[in-house]
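Enquirer: Here it is, the structure in full.
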Amino acid sequence: MSVLVASIGFGLISTSILAIAAVGFTLQFGVTNVFNLAYGSVMTGAAYAAYVANQFGVDIWVSMVLGGLFGAALSLLINRGLYTPFARHGLGLAGIIQVTLALGLILENGLQAIFGPSYHSYQMSQGPSFHFGSMVFTAVQVGIMGIALASMIGVHALLAHTKLGKAMRATAADAPLARSCGIRTEFVTDIAWLLSGLLCGIAGVILVMDLQSFTSTTGSNFLVPVLAAAVLGGIGQPYGAMLGALIIGMVSEVAAAVTLPQYKEVIAFVILLVVLLFRPRGILAEVASLKEVVA
Amino acid sequence: MPTSSDKDGHRPAPQLLLRELTAGYGGTPIIRDVSIAVGLGEVVAIVGPNGAGKSTLLKAITGQIRSLRGSVRLAEADVTNMRGDLLARHGVGYVPQVRDVFDTLTVAENLEMGAYLLAKSELPERIHEVLAIFPALQKMRHRRAGTLSGGEHKMLAIGRVLMLRPTTLILDEPTSNLSVSLSKTVLNDYVRRTADAGTAILLVEQKAVAALEISDWAYLMMGGAIRLDGPAGELLDRPDFRQIFLGHVAKHIPSETAGTG
Amino acid sequence: MSIAWQFYISSILVYLGVDVMACWGLNLQFGVTGIMNFAYIVFQAAGAYTAAILTLGPSSRSLFQHYIGGANLPFPIPIIAAGAVGALLSLVVGTFTLRRLRVDYQAMVMLIVSLIAINVATNQVDLVNGSAGLSLVPKPLSQVLNLDLVNYQWFYVALTAVVCVIVFLFVHQVTRSPLGRTLRAIRDNEHSAAALGKNVTRFRLLAFVLGGAIAGVSGAILVEFIGTWAPGSWTYAETFVLFTAIIVGGTGNNLGVAVGALLVPVVFLEATRFLPPIGYPGLIDALQWVAVGLLALLFLWRWPRGVIPERRRRFRKPAPG
Amino acid sequence: MAAGCIPAVNLINQAGGVLGHKLECVVADTRGDPADAVPAASQLLATQSNLVGILGPSSDEADATAPIFNDSKMTMMGDTGAASFDQNAYPYFWRLTPADDVKGTAMAIWGRQKGFSHAAAVFGNDIGSQTDVPTLVKAFTKLGGTIVSNESLALDQGDYRTEVARMLATNPDVLFIEADAQTEATFLANLKDLHGLIPVIGTSLDQAMYQAVGGAIGAQNMHDFYTTIRPLIGSLGTSTKTYDQALLASGSQVPKPDQWISDPFCPAHYDEVNLLALSMIAANSTTPSTYNSYIPQVANPGSGKTLVYSFDEGQKALAAGKQIQYVGASGFIDFNKFNNSTTGFEAFQFQLDGSTVSLGTIPIDEITQANS
């Protein structure tokens, strides 16, 4: 029983990392419709950026911010330099997915070529442990959950209460219409990629802070749970992504507690497949479905 | 300064002026040498059957496709091939035929997006003004636009575009999918009144009779070109118009068949 | 030609045949019908495992590997069964994933399917011996033919060629037929195909199942040749090589796809074996994946229709009335 | 692998080569899966006309390539612990690498010797790890201990906290662990954070493993809690010293040679090259089909044999007409009828600088007994 309770606590940590990553993924997807399979590799890239900073003696939390900024810059570059030109070139949705997959492989293996196949760790301390009943968290984990909470509140505040955030949602809902309102959709798209990349980078660094050891494939191993969380909630829906992260994160941990641990991810994925069977657009996505039907 | 054309065909100075505009997809022109003028306070209708090129024309004006030849001018400014967001800065409001509101945003947020270019301080006043025109929107401010009915939808779309207080308004078949009575309300109460307040309105309509009733001037478009134009009130009675256009749509006129088509 | 060279070249020819077949199957799904099957390698693996198990004897006799079945069946039954299992598995997966899902969702669902498949194959050790995989699969007809090593290699090349010809005749027939035209119509415009009264989902599923059967056969041909199969060899990156081959060769064109299979998995990847080793072990491997990625990007940008483009057929609308 | 092959080849060539021939190390990248290894193997055979022997390949690639080399009558020194070679039938396949299932028994014996009675067995679901489990469980139980928790891990997950909690709920006094580097590192880091480490008996051997696990839990914890079980290294150590010197002297060919000093696999590769070379001399032929059968003759113990600790010593003894037993840098070698050499295991403790110190040995007799 206490394992079950503890697993719910662990689920909160998994959920935190997943939520940051999934919200980041879904933000840019909502605005630009790019199903970015290179996302996991960008996470790894940010983790390495933070690693380099950390090696120079920069504090891990500062390195995390630097990793986030690296992720933001890389994402913007990727969209401006690769995805947008390909889309303008007339490549369809399926073609763009292949571009993202190709980029993911290039980034992942490029990182391996640079940093080698070995494992790296940050210079950091996990800090003291805190006990809440059967739940145990280290200081770093509490920090991670705090960052996740702050990110979610920040994203919510941005989208619901600022002009820019509303413009992002408007662009996501209907870009030509947003343009006719005077919204500079290219600028909004850039912001969406920057923000998405920032969250992606932060997620990459805190994933590694939590794993405590990583290599060039670490981010791409984490990609499918991120996609699953984003899709489960209804892609392009930040609140859906948060909900999806909660479900995937909790189900994996609780499944590991009550059934076979080696199938914990599989169980979460099967839930996703079942949800898609009944709600092909995810839990929170009923309104956005007009988008592709009307060209 | 006259704000509306009078019955003698004297028209105000053009606010929106198209000269020999030619545009299409992939280098193939769909519309050819279209010249149109819309003055402040005027409702100018473009009527024509399906496939006449009306949608292509609007896409060319609003910068969604590149025009191959000709020009679009707004008062003194050349806005040919200008991006949509810059057009909005020139005071052009555009209501597409479908997907005319942001479905995932609330009614209030839709209005706010309509006023995107205005300072935040102007917002309450603008919302107040638009709600005065469409009081029904008041009650649904916090509803998601995607959940509105067809009439409410169009009301919001026009309300949204009015937020910017546009000098030029482009409406693409605002009455499609609306009932006959609702269509009349939209055209008479919203469109005509907006023009009377000093806006230049370009109205594209398939429901020719209803559109012509509230328009000052009208162009008949067919096969990608303007076939004839004239004061809207006279056009319906002109034999050449009846022959070219209404002959296509229906044998009997001017019943409402043509209007609800 | 020295025996060692004959050995190498015959191995490469068998691999070429397997890749060409696999690409044809994927082309039927992706090139012709537009299904983004990132789990394609799973169906190849399913075929390989099927063929391996049916060729091997009962599991109880060997101490070091555990698997279900084990039937000692003679050639060509394991290969045919592999095709059937590839088709059957495609039917199951396709029924769940092809309905109502957008292309990007489909791509993700396929990634998930391949993860689940690898997880199950790895964790259910009794199924196909877990991560150690199956090994010591007897070579087909080797007892009957009693050939020496090199001659057996050439025999296997011939066998692969025969299977390739059969698969080609099959995919050629399918893509040329009214069925093929319908599949292309679905790919190019699902909605208008639906408007023409086509049951889009059913046709998609058909293409998916046919492609899955071919994947299964290709896996069988490979496993009977190398004698071993483990989960490590079927990750989504392997599928990406096949996708790249199709893009390079010419999406939708069977001949182009065969050329792509020659250029990418065979020439492009084999050539690097002849490079002198540089840096640490695995560096060339990593750079090679970078190169495959760049190759895919280059072709998607510059020659999106490949070396041998698909002939665009005019699609005549049925006469009204 | 180069760190084992190159020092051996350098010493051999310095000593005049093999029957007048100089040796050279050539790398063929097998790319880590069986399907890729097949063309790699046949390409190697085709393009290297003076090939005299093969080191590696490892793990599941061996199953695919062993038949090719065997059929080509090419001697190979396998680098796989796979149980499929426990009763190997390929005359040209040899291995110094201990079988994985034997390693499981050795871990169990060491655990019981240290007085642990309630063990948790946590193994990755990867190729090498799972084969240890049945023999570990069997031997530990047979020796009077209890396996209180037996979990297999899905590899490379974001965390293993729940798995750790499950394990802790059974109150083990020792943890047996083996998985890939990322998985083991994450699991142990989670254990450290949740509860603090408990004694760990693992098989973390190579550099990548040490970097991952040591990086995750820290060098001090590695020292305090982690015992690693690996194949026996001869207590004499003469060969090892020779190897270490040769390795450090090969700095121009092996980048950063000192990083390989404590790597357990490199000395084995070094020994394999020496074995090949000495058996060639014994057979007076560099043709694998001729010298292959001489391999046990120069390696296995026997009465009246001269112990040699390097290629040069062996060459001279052979020239003097003596029977020799080569004692490897990786330990004593004794091939059985399946061409497997298993000479026992040794337990090591990590020092703060990453080097290892021996804690004691687990002789092969004990392992055989516990395994029976």
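The values are calculated or read from the model by the stated rules, or taken from the named source; none is laboratory data. Because the structure is a prediction, the values reported are computed rather than measured. Cβ placement follows ideal geometry from the backbone for every residue including glycine, while neighbour counts extend to all protein chains displayed. Each accessible area value is taken on the protein alone, full model and side chains, heavy atoms only, with ligands, DNA and RNA left out. Shrake-Rupley method; radii C 1.70, N 1.55, O 1.52, S 1.80 Å.
Enquirer: Could you check the simple spin-label distance between B:Asn177 and A:Leu77, using points 7 Å along Cα→Cβ, in nm with one decimal?
Expert: For B:Asn177 paired with A:Leu77, the spin-label model returns 4.4 nm.
Enquirer: Hey, can you find the accessible area per residue of chain A for me, probe 1.4 Å, expressed in square angstrom?
Expert: Per-residue value: 32 Å².
Enquirer: Another question, then. What does the accessible area per residue of the stretch C:3-234 come to in Å², with a 1.4 Å probe and no ligands, DNA or RNA counted?
Expert: Values: 8210 Å² over 232 residues.
Counting only protein heavy atoms, the per-residue value for the stretch C:3-234 is 35 Å².
Enquirer: Based on Cα positions only, what radius of gyration and what Dmax would you give for the stretch B:60-163, in angstroms?
Expert: When restricted to Cα atoms, the stretch B:60-163 yields Rg and Dmax of 15.0, 47 Å.
Enquirer: If you don't mind, another one. Heavy-atom accessible surface, probe 1.4 Å, ligands and DNA/RNA ignored: which residues of the stretch D:175-194 lose at least 30 Å² versus the isolated chain?
Expert: D:Gln182, D:Asp193, D:Leu194
Enquirer: For the pair C:Ser142 and D:Ser49, what calculated FRET efficiency results from E = 1/(1 + (r/R0)^6), where r is the Cβ-Cβ distance and R0 = 30 Å, to the nearest 0.05?
Expert: 0.65
Enquirer: Quick one: grab Rg to one decimal and Dmax as a whole number for chain D, Cα atoms only, in Å.
Expert: Looking at chain D, its Cα Rg and Dmax stand at 20.7, 65 Å.
Enquirer: Probe radius 1.4 Å, ligands and nucleic acids left out: can you give me the accessible area buried at the A-D interface, summed over both chains, in Å² to the nearest hundred?
Expert: Heavy-atom accessible area buried at this interface is about 2500 Å².
Enquirer: Run the simple label-point estimate for C:Asn199 and C:Trp303 please: 7 Å along Cα→C-beta, distance reported in nm.
Expert: It is 4.0 nm.
Enquirer: Given 5 Å bins starting at zero, what is the percent of C-alpha pairs of the stretch C:3-234 in each, up to the one with the largest pair distance?
Expert: 1, 7, 14, 18, 17, 15, 12, 8, 5, 2, 1, 0
Enquirer: Averaged across B:93-102, how many Cβ atoms of other chains sit within 10 Å of each residue's Cβ atom?
Expert: 4
Enquirer: Here is a further query. Once you treat every alpha carbon in the stretch D:121-242 as an equal point and sum by Debye, what is log10 I(q)/I(0) at q = 0.16, 0.18 Å⁻¹?
Expert: -0.77, -0.95
Enquirer: Lone cysteines in the protein assembly as shown, going by a 4.7 Å Cβ-Cβ cut-off?
Expert: A:Cys181, A:Cys200, C:Cys23, C:Cys164, D:Cys266 - these cysteines have no disulfide-compatible partner (Cβ-Cβ under 4.7 Å) in the protein assembly as shown.
Enquirer: Need the C-alpha centroid separation for the stretch B:132-170 versus the stretch A:30-52, integer Å.
Expert: Value for the Cα centre distance between the two parts: 39 Å.
Enquirer: Do you know which residues of the stretch C:107-153 lose at least 40 square angstrom of accessible area in the protein assembly compared with their chain on its own, with a 1.4 angstrom probe?
Expert: Those are C:Met108, C:Leu111, C:Ile112, C:Leu115, C:Ile116, C:Asn119, C:Asn123, C:Ser131, C:Ala132, C:Leu136, C:Leu149, which lose 40 Å² or more relative to the chain on its own.
Enquirer: Calculate the dipole size of chain A relative to its Cα centre from +1 charges on Lys and Arg beta carbons and -1 charges on Asp and Glu beta carbons; express the result in debye to the nearest 20. Present the calculation step by step, with values, prior to reporting the outcome.
Expert: Values: 11 positive and 10 negative charges, 129 e Å.
The calculation lands at about 620 debye.
Enquirer: Let me ask you something else. Tell me the Kirkwood hydrodynamic radius of chain B in angstroms, computed as one over the mean inverse distance between distinct C-alpha pairs.
Expert: Values: mean 1/r = 0.0539 Å⁻¹.
About 18.6 Å for chain B.
Enquirer: While we're on this one: If you take the accessible area of C alone plus A alone and subtract the pair, what total do you get in square angstrom, rounded to 100, with a 1.4 Å probe?
Expert: 4000 Å²
Enquirer: At D:Gln259 and A:Leu149, where each label point lies 7 Å from the Cα along Cα→Cβ, what is the point-to-point distance in nanometres?
Expert: Output for this residue pair reads 4.2 nm.
Enquirer: How about the stretch A:196-212: which of its residues lose at least 50 Å² of accessible area in the presence of all protein chains relative to their chain isolated, using a 1.4 Å probe?
Expert: A:Leu211, A:Gln212
Enquirer: In deg cm²/dmol, rounded to 500, what helix-only [θ] at 222 nm does chain A give when every DSSP H run of at least 4 residues adds -39500 (n - 2.57) and the total is split over its residues?
Expert: -24500 deg cm²/dmol
Enquirer: In sequence order, what are the phi-derived ³J(HN,Hα) couplings for the stretch D:133-138 according to the Karplus relation 6.51 cos²θ - 1.76 cosθ + 1.60 with θ = phi - 60°, rounded to whole Hz, with x for glycine and proline?
Expert: Residue by residue, the stretch D:133-138 yields 4, x, 6, 4, 4, 4 Hz.
Enquirer: At what distance in angstrom do the alpha carbon centres of the stretch D:310-340 and the stretch C:72-138 lie from each other?
Expert: 48 Å
Enquirer: Next question. Nearest 0.05, what FRET efficiency do C:Ile77 and A:Val270 give at R0 = 25 Å with Cβ-Cβ as r?
Expert: 0.15
Enquirer: Let me ask something additional. In chain C, carbon and sulfur make up what percent of the accessible area (probe 1.4 Å)?
Expert: Using a 1.4 Å probe with all protein chains present, chain C comes out at 68 percent carbon and sulfur.
Enquirer: Could I ask something else about it? Leaving out ligands, DNA and RNA, calculate the buried accessible area for the pair A and B with a 1.4 Å probe, summed over both sides, in Å² to the nearest 100.
Expert: Between A and B, the summed buried area is about 2400 Å².
Enquirer: Normalising by the residue count of the stretch C:3-234, find the relative contact order in percent from Cα pairs under 8 Å and 6+ residues apart.
Expert: Computed value for the stretch C:3-234: 43 percent relative contact order.
Enquirer: Roughly how many whole Å is it from the C-alpha centroid of the stretch D:241-286 to that of the stretch A:172-210?
Expert: The stretch D:241-286 and the stretch A:172-210 have Cα centres separated by 55 Å.
Enquirer: Would you mind computing the Rg to Rh ratio of the protein assembly as shown from its alpha-carbon coordinates, Kirkwood style for Rh?
Expert: Rg/Rh: 1.06.
Enquirer: Once amide H atoms are placed 1.01 Å from N in the peptide plane, what residues at a sequence separation of 5 or more from D:Leu307, or on another chain, have their amide H within under 5 Å of its amide H?
Expert: D:Gln325
Enquirer: Given charges of +1 on the Cβ of Lys and Arg and -1 on the Cβ of Asp and Glu, with all other atoms neutral, how large is the dipole of the stretch D:88-176 about its Cα centre, in debye to the nearest 20?
Expert: With Lys and Arg at +1 and Asp and Glu at -1, about 400 debye.
Enquirer: Hey, quick one: spin label on A:Leu164, modelled 7 Å out along Cα-Cβ, who in the stretch A:188-215 has an amide N within reach, i.e. under 12 Å?
Expert: Residues passing the 12 Å test: A:188-196.
Enquirer: Per-residue HN-Hα couplings for the stretch C:189-202, Karplus 6.51 cos²θ - 1.76 cosθ + 1.60 at θ = phi - 60°, whole Hz, x for Gly and Pro?
Expert: 7, 4, 5, 6, 5, 5, 5, 7, x, 8, 7, 4, 4, 5
Enquirer: For the stretch D:1-67, give the percent of accessible area contributed by carbon and sulfur heavy atoms, probe 1.4 Å, rounded to a whole number.
Expert: For the stretch D:1-67, the apolar C and S fraction of the accessible surface comes to 49 percent.
Enquirer: While we're looking at this one, here's another question. Take the solvent-accessible surface of the protein heavy atoms, probe 1.4 Å, and return the percent of it on the stretch A:2-294 that carbon and sulfur atoms account for.
Expert: 71 percent
Enquirer: If you place +1 on the Cβ of every Lys and Arg, -1 on the Cβ of every Asp and Glu, and leave all else neutral, what size is the dipole of the stretch B:77-177 about its Cα centre, to the nearest 20 Debye? Walk me through the intermediate numbers first.
Expert: Details: 12 positive and 12 negative charges, 51 e Å.
The calculated dipole for the stretch B:77-177 is roughly 240 debye.
Enquirer: Is there a pair in D:Lys103/D:Lys241; D:Lys138/D:Lys192; D:Lys142/D:Lys305; D:Lys305/D:Lys337; A:Lys163/B:Lys59; A:Lys264/C:Lys198 whose C-alpha atoms are over 31 Å apart, and which pairs would that be?
Expert: Distance filter (> 31 Å) returns D:Lys142/D:Lys305; A:Lys264/C:Lys198.
Enquirer: Based on DSSP H runs of at least 4 residues, each adding -39500 (n - 2.57), what is the mean residue ellipticity at 222 nm of chain C after dividing by all its residues, to the nearest 500 deg cm²/dmol?
Expert: When only DSSP H runs of four or more count, the value is -21000 deg cm²/dmol.
Enquirer: Now, a different point. Dividing the Cα radius of gyration by the Kirkwood radius, what Rg/Rh value follows for the stretch A:2-294?
Expert: Looking at the stretch A:2-294, the ratio lands at 0.97.
Enquirer: Also: In the stretch D:242-261, whose amide N lies under 11 Å from the spot 7 Å out along Cα-to-Cβ of D:Ala319? List them in ranges.
Expert: Under cut-off, by backbone N: nothing.
Enquirer: Something else now. Give the shape of the stretch A:1-50 as rounded, prolate or oblate, defined through the alpha-carbon gyration tensor: a ≥ b ≥ c are the square roots of its eigenvalues, a/c under 1.5 means rounded, and otherwise the shape is prolate if a/b is larger than b/c and oblate if not. Let's see the in-between values first.
Expert: Working: a/c = 3.86, a/b = 1.90, b/c = 2.03.
Taking the square roots of the gyration eigenvalues as a ≥ b ≥ c, the stretch A:1-50 is oblate.
Enquirer: If contacts are Cα pairs under 8 angstrom and at least 6 residues apart, what is the relative contact order of chain D in percent? Write down the numbers at each step before the final one.
Expert: Numbers: 755 pairs, mean separation 71.7, N = 372.
About 19 percent, as a whole number.
Enquirer: Here is a further query. Considering the dipole of the protein assembly as shown built from charges on the beta carbon (Lys and Arg +1, Asp and Glu -1) around the Cα centre, which of A:Gly154, A:Ala139, D:Asn300 is farthest to its positive end?
Expert: Selected residue: A:Gly154.
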